[in-house]
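Peer 1: Structure provided below as structure tokens; questions to follow.
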Amino acid sequence: MSRFDHNRRRFLRVSGGLIAAGLAAPITGARGDRRVGGPLTKPIPSSGQRLPAIGMGTWITFNIGEDPDAIAVRRQVLDAFFAAGGGMIDSSPMYGSAEAVLGRTLPADALQRGLFSATKVWTGDGDAGPAEIDASRALWRLPRFDLLQIHNLLAWEAHLDTLMDMRAQGSLRYIGVTTSHGRRHRELERIMADRPIDFVQLTYNVVDREAEDRLLPLAHERGIAVIANRPFRRGALPQRAAGRPLPGWGREIGCDTWPQALLTFIVSHPAVTCAIPATSRVDHMRENMAAARGPLPDAALRERIAADFAAL
Amino acid sequence: MDWFSYGPADLVPFSSETWLGLFGRYNQEGLGWVVAGPATVLVLGLLVRFAGGRTDWLSRASPRLLLALSGCCWLWIAWAFFHQAVSTLLWAADWLAWGFAAQGLVLLTAASLLPPARDPANRWPRVVGWGLIVVALIGAPLLAWSTGQPPQGIGWFGSGPTPTAVGTLGLLLVLPVRLGWLLLPVPLIWCLLAGMLGQVLHDPLWPLPLMCALVALLGWFGMHTRPSNNTNHGCAPSGH
């Protein structure tokens with residue numbers, strides 16, 4: 001399939017998805033959707049498939065090796081995640097034992113419960129990509145991944161060819177590219193503009209907002225789903241807000257705690273599809289999954305949330 | 001990959017709880033304690049022989065035996081700690097294992113070579129070396145315990161990389177060693193990495209390995225610099 005054909009199909013899919021989701025409106029007016037009392041879901045622009053807006057990351061929290069007690073707790077964390085309507089789980093071969101631990105702790109009926117599996121390819125050798133992907137699939141104990149992302153743009157051109165072949169053959173649904181900590185945004189922007197990717201993963205939170213300038217508008221324009229990583233800056237943001245009461249606007253958006261407000265802030269950006277907080281605690285998982293269940297803040301309230309957090 | 005855009009925290013994909021838990025399982029199930037106990041006793045015994053200045057076979061052989069023993073410890077840590085235990089958590093563990101294995105082999109090589117004549121000049125680096133050995137054998141574990149670290153998560157000379165690296169630096173300042181310049185870099189690099197790892201994991205003792213490395217480096221330069229005297233205020237190389 002030529003790039004033109006792909007782009008044409010993509011345009012039709014994206015247009016359909018956006019219209020169906022009511023997202024053809026200007027970026028400031030875009031909203032997600034939810035069933036009554038259920039979690040917020042947002043569409044993947046390239047397909048229209050809806051994804052729970054609060055996902056789960058595995059950086060550090062699932063890299064626990066062979067510790068049996070910790071593995072038992074991670075099983076409970078995943079149960080709480082799926083019980084609250086969670087779906088998207090993101091990992092990487094870079095995260096030590098995280099993929100192996102996921103394979104041991106995912107519920108047997110995870111696929112039926114809405115698992116959206118996302119991992120990464122992370123090797124500087126393009127020829128080694130398929131073997132690494134196979135190894136990851138074996139560790140997760142899944143027949144295939146929903147989303148494969150090129151980790152931190154490493155050897156991205158070689159891996160992109162592999163992933164596009166896999167997507168064309170139907171062994172993969174979505175392709176993505178990741179970055180974090182605000183690195184290599186310019187190169188990422190170029191890939192987003194030129195290449196037929198479905199997802200981009202980048203750092204976005206209440207204090208790291210550089211992506212708002214160019215990448216998020218571009219993602220919206222190009223119909224690329226956005227995964228926001230480091231939503232809590234590795235726990236530093238909730239720590240900063242610890243013990244501080246949530247201002248009155250918390251009630252307006254259905255949040256009881258600062259971590260919930262921080263997640264709601266992220267996924268209320270119209271271009272953001274989901275956030276992937278990581279936790280090793282069941283109570284924190286339940287708290288995270290209770291975010292974004294009320295009305296989403298408008299642009300003015302988003303600025304107020306950011307200002308109030310900055311004043312902490 | 002643009003490695004220089006990564007900070008230390010980006011390269012440590014586990015929590016302090018996981019790290020301590022791994023140490024605990026390594027000490028209890030992975031024979032860490034089984035190795036550390038005899039290694040510590042043997043090192044202490046050989047150091048006593050070495051310091052006693054006697055002329056019996058064991059005392060004369062003690063420098064070689066100490067180097068050989070520490071070489072075996074480095075090889076053990078390479079295999080049992082980094083390759084077997086840490087590699088499940090850290091993709092770079094096997095690189096570290098190769099580094100520790102290389103250090104072990106060079107230590108064994110150094111142990112097989114005749115030691116050089118001891119230079120009586122500049123005794124203070126030797127005092128520094130003894131201090132580092134005390135830190136490695138007793139000080140570091142006691143300090144870790146005093147900061148609330150669970151006993152099973154504490155590293156010891158012979159099985160834990162940091163006490164073994166610090167102890168080896170001490171031995172290099174105390175013993176007459178050939179290939180000393182070749183034996184210095186890996187322990188120094190590990191002390192640097194251990195300090196960074198400790199800082200990322202919020203270990204209150206994170207500066208300790210860095211300080212030990214700095215002191216060892218100063219001691220090394222001191223050992224290879226002739227003391228100034230009344231007629232010559234400059235420093236000349238000792239010719240080692």
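Peer 1: For B:Leu42, are the conditions met, namely being within 14 Å of another protein chain (Cβ to nearest Cβ) and either surrounded by 22 or more Cβ atoms within 10 Å (Cβ to Cβ) or not basic (Lys, Arg) (or both)?
Peer 2: For B:Leu42, the condition - within 14 Å of another protein chain (Cβ to nearest Cβ) and either surrounded by 22 or more Cβ atoms within 10 Å (Cβ to Cβ) or not basic (Lys, Arg) (or both) - is not met.
Peer 1: Examine region A:161-173 for a residue that is open to solvent by 10 Å² or more (accessible area, probe 1.4 Å), within 14 Å of chain B (Cβ to nearest Cβ) and not in a loop (DSSP other than H, G, I, E, B), and state whether such a residue exists. Even if it seems obvious, please write down each step before you answer.
Peer 2: Step one: of region A:161-173, the residues open to solvent by 10 Å² or more (accessible area, probe 1.4 Å) are A:161-162, A:164-171, A:173.
Then keep just the ones that are within 14 Å of chain B (Cβ to nearest Cβ); that gives none.
Within region A:161-173, not a single residue is open to solvent by 10 Å² or more (accessible area, probe 1.4 Å), within 14 Å of chain B (Cβ to nearest Cβ) and not in a loop (DSSP other than H, G, I, E, B).
Peer 1: Are there any pairs, at least 6 apart or on different chains, whose C-beta atoms fall under 7 Å, with the first in region A:83-106 and within 20 Å of A:Thr178 (Cα to Cα) and the second surrounded by fewer than 23 Cβ atoms within 10 Å (Cβ to Cβ) and among the acidic types (Asp, Glu), and if so, which?
Peer 2: Here the result reads A:Pro93/A:Glu132, each pair linking region A:83-106 to a residue that is surrounded by fewer than 23 Cβ atoms within 10 Å (Cβ to Cβ) and among the acidic types (Asp, Glu).
Peer 1: Of all residues in region A:276-299, count the ones that are more than 15 Å from A:Arg75 (Cβ to Cβ), within 14 Å of chain B (Cβ to nearest Cβ) and part of a loop (DSSP other than H, G, I, E, B).
Peer 2: Number satisfying all stated conditions: 1.
Peer 1: Scanning region A:214-234 for residues that are surrounded by fewer than 18 Cβ atoms within 10 Å (Cβ to Cβ) and within 14 Å of chain B (Cβ to nearest Cβ), which turns out farthest from A:Arg184 (Cα to Cα)?
Peer 2: A:Arg234
Peer 1: Hey, among the residues in region A:217-232 that are among the hydrophobic types (A, V, I, L, M, F, W, C) and in contact (Cβ under 8 Å) with a residue 60 or more places away in the chain, which one's farthest from A:Thr58 (Cα to Cα)?
Peer 2: Residue satisfying both the conditions and the ranking: A:Ile224.
Peer 1: Here's another thing I want to ask about it. Within region B:9-39, how many residues are touching a Leu at 6+ places or on another chain (Cβ under 6 Å) and either surrounded by fewer than 19 Cβ atoms within 10 Å (Cβ to Cβ) or not hydrophobic (A, V, I, L, M, F, W, C) (or both)?
Peer 2: Qualifying residue count, region B:9-39: 1.
Peer 1: Any idea which of (1) more than 23 Å from A:Ala80 (Cα to Cα); (2) open to solvent by less than 10 Å² (accessible area, probe 1.4 Å); (3) among the hydrophobic types (A, V, I, L, M, F, W, C) is the one A:Ala292 doesn't satisfy?
Peer 2: Only one criterion in (1) more than 23 Å from A:Ala80 (Cα to Cα); (2) open to solvent by less than 10 Å² (accessible area, probe 1.4 Å); (3) among the hydrophobic types (A, V, I, L, M, F, W, C) is unmet by A:Ala292, namely (1).
Peer 1: Which of the following residues is small (Gly, Ala, Ser) and either surrounded by fewer than 21 Cβ atoms within 10 Å (Cβ to Cβ) or within 24 Å of A:Pro45 (Cβ to Cβ) (or both): A:Ala300, A:Ala278? Explain how you work it out, then say what you get.
Peer 2: Working: A:Ala278 fails: either surrounded by fewer than 21 Cβ atoms within 10 Å (Cβ to Cβ) or within 24 Å of A:Pro45 (Cβ to Cβ) (or both).
Sole residue among the options that is small (Gly, Ala, Ser) and either surrounded by fewer than 21 Cβ atoms within 10 Å (Cβ to Cβ) or within 24 Å of A:Pro45 (Cβ to Cβ) (or both): A:Ala300.
Peer 1: Just checking, does region A:69-78 include any residue being touching a strand residue (DSSP E or B) at 6+ places or on another chain (Cβ under 6 Å), at pLDDT 95 or above and closer than 27 Å to A:Leu202 by Cα?
Peer 2: Checked region A:69-78: no residue is touching a strand residue (DSSP E or B) at 6+ places or on another chain (Cβ under 6 Å), at pLDDT 95 or above and closer than 27 Å to A:Leu202 by Cα.
Peer 1: Just checking, does region B:19-37 include any residue being of a type outside the set (A, V, I, L, M, F, W, C), under 17 Å from the mean Cα position of the chain (by Cα) and more than 9 Å from chain A (Cβ to nearest Cβ)?
Peer 2: Checking region B:19-37: at least one residue is of a type outside the set (A, V, I, L, M, F, W, C), under 17 Å from the mean Cα position of the chain (by Cα) and more than 9 Å from chain A (Cβ to nearest Cβ).
Peer 1: Of the conditions (1) free of Cβ contacts under 8 Å to residues at least 60 places away in the same chain; (2) open to solvent by 50 Å² or more (accessible area, probe 1.4 Å); (3) out of contact with any Asp or Glu (no Cβ under 8 Å at 6 or more places or on another chain), B:Trp76 clears all except one; give me its number.
Peer 2: It is condition (1) that B:Trp76 fails.
Peer 1: Ok, one more. Being more than 14 Å from every other protein chain (Cβ to nearest Cβ) and among the hydrophobic types (A, V, I, L, M, F, W, C) is the filter here; which residues of region B:96-111 pass it?
Peer 2: Within region B:96-111, B:Ala97, B:Trp98, B:Phe100, B:Ala101, B:Ala102, B:Leu105, B:Val106, B:Leu107, B:Leu108, B:Ala110, B:Ala111 meet the criteria.
Peer 1: For region A:202-221, how many residues meet the condition of being farther than 19 Å from A:Ile150 by Cα and part of a loop (DSSP other than H, G, I, E, B)?
Peer 2: 7
Peer 1: Counting residues that are crowded, with 22+ Cβ neighbours inside 10 Å and under 11 Å from the mean Cα position of the chain (by Cα), which helices (runs of 4 or more DSSP H) fully inside region B:126-190 reach at least 3?
Peer 2: B:161-174
Peer 1: Another question about this same structure. Taking B:Leu105, is it touching a Leu at 6+ places or on another chain (Cβ under 9 Å), modelled with pLDDT of 95 or more and surrounded by fewer than 16 Cβ atoms within 10 Å (Cβ to Cβ)?
Peer 2: Values: touching a Leu at 6+ places or on another chain (Cβ under 9 Å): yes; modelled with pLDDT of 95 or more: yes; surrounded by fewer than 16 Cβ atoms within 10 Å (Cβ to Cβ): yes.
Yes, satisfied.
Peer 1: Limited to region A:178-199, what total is found for residues that are under 19 Å from A:Met94 (Cβ atoms) and away from chain B (no Cβ under 14 Å)?
Peer 2: Count: 1.
The values are calculated or read from the model by the stated rules, or taken from the named source; none is laboratory data. These numbers come from a predicted model, not from an experiment. So basically every Cβ, Gly included, is an ideal-geometry build from the backbone, and we count neighbours across all protein chains shown. These area figures cover heavy atoms from the full protein model, side chains too; ligands, DNA and RNA do not enter into them. Shrake-Rupley method; radii C 1.70, N 1.55, O 1.52, S 1.80 Å.
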